[in-house]
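Derivation of every value follows stated rules applied to the coordinates shown; laboratory data play no part. None of the values given here were measured: they were computed from a predicted structure. Note that each Cβ is placed from the backbone with ideal geometry, even for glycine, and that neighbours are counted across all protein chains shown.
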Amino acid sequence: MKPLIKVGLTGGIAAGKSTVTTRWRKTGAATIDADDLAHEALTPGTPTHADVVKTFGKKILNADQTINRRALGKIVFEDERKRLALNQIIHPYVHKAVTKTLTQWEQDGQVAVGVVSIPLLYEVGEENSFDFVVTVACSEQTQVARLTSKGLSKAQARARIRAQWPLPTKMDRADFVIWNDGLLQVLEQQAAIIWETIKETGHAARKAPQN
């Protein structure tokens, strides 16, 4: 039984990580989305939900006690300390859930390649948890255009971009980069090449542990 190949997928906000994840899932990858886990952590009745409400107040709640993510986002992207406070609540939950799933996949031996989409992979120091890291990137102009098309102002879009490491830094540190500033077909071609490369090189090309 071959060990599980672990791939960390990261990049800038609105760069196209979800599109790459979907494409790889169709190709046979088992995938985990850290954003989905973060949303799960905000579910009413969970300890993380209670901690978030305690930290940011009941003003972030909808009538049904769910957290209004847009209201919460407005708070944390306008104040660095509050954004870090939110990450300190959510990240341990996400980390535990990801670790549990990867461990289960390894024990079952049924998954050859596991992909974990983590927007803040570098920011939270997770890069050495993976055999390969892939960064999806595009120009800031494209990021702003995509975010404003979803209803954010340009100022809000740039605040979210600034909340992450600069994309050139993530690109420099990645094993592979997918540049997504144009046609969907171009992104899919890059994703296909990188996917095949990861499968072919496999464990022989695993990164050496870093101290």
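For a quick protection proxy, order the peptides 25-31, 135-141 by their average other-Cβ count within 10 Å, most packed first.
Result, highest mean first: 135-141, 25-31.
In this structure, the residue pairs whose Cα-Cα separation is over 31 Å, taken from LYS26/LYS54; LYS100/LYS150; LYS26/LYS154; LYS17/LYS100; LYS17/LYS74, are LYS26/LYS54; LYS100/LYS150; LYS26/LYS154. Counting neighbouring Cβ atoms within 10 Å and putting the fewest first, the residues THR103, THR201 line up as THR103, THR201. Computed from label points 7 Å out along Cα-Cβ, the spacing between GLU188 and LYS54 is 4.8 nm. Once each part is reduced to its C-alpha centroid, what is the distance from the range 55-82 to the range 92-162 in angstrom? Taking the Cα centre of the range 92-162 as reference, the centre of the range 55-82 is 21 Å away. Mean residue ellipticity, 222 nm, helices only, the chain: the sum of -39500 (n - 2.57) across DSSP H runs of n ≥ 4, divided by residue count and rounded to 500, is -16000 deg cm²/dmol.
Couplings 3J(HN,Hα) for the range 57-72, derived from phi with the Karplus relation 6.51 cos²θ - 1.76 cosθ + 1.60 (θ = phi - 60°), are x, 6, 5, 8, 8, 7, 4, 8, 6, 6, 7, 7, 5, 5, 5, 5 Hz, where x marks Gly and Pro. Between amide H atoms placed 1.01 Å from N, distances below 5 Å from GLY11 occur with LEU121, VAL136, all of them 5 or more places distant or on a separate chain. The charge dipole of the range 1-50, taken about its Cα centre with unit charges on the Cβ of Lys, Arg, Asp and Glu (plus for the first two, minus for the last two), comes to roughly 380 debye. Taking the Cα centre of the chain as origin and charging only Cβ (+1 Lys, Arg; -1 Asp, Glu), how large is the dipole, in debye to the nearest 20? Rounded to the nearest 20 debye, it is 640 debye.
For Rg and Dmax of the Cα atoms in Å, the value calculated from this model appears in (1) 17.7, 53; (2) 18.3, 59; (3) 20.9, 74 under label (1).
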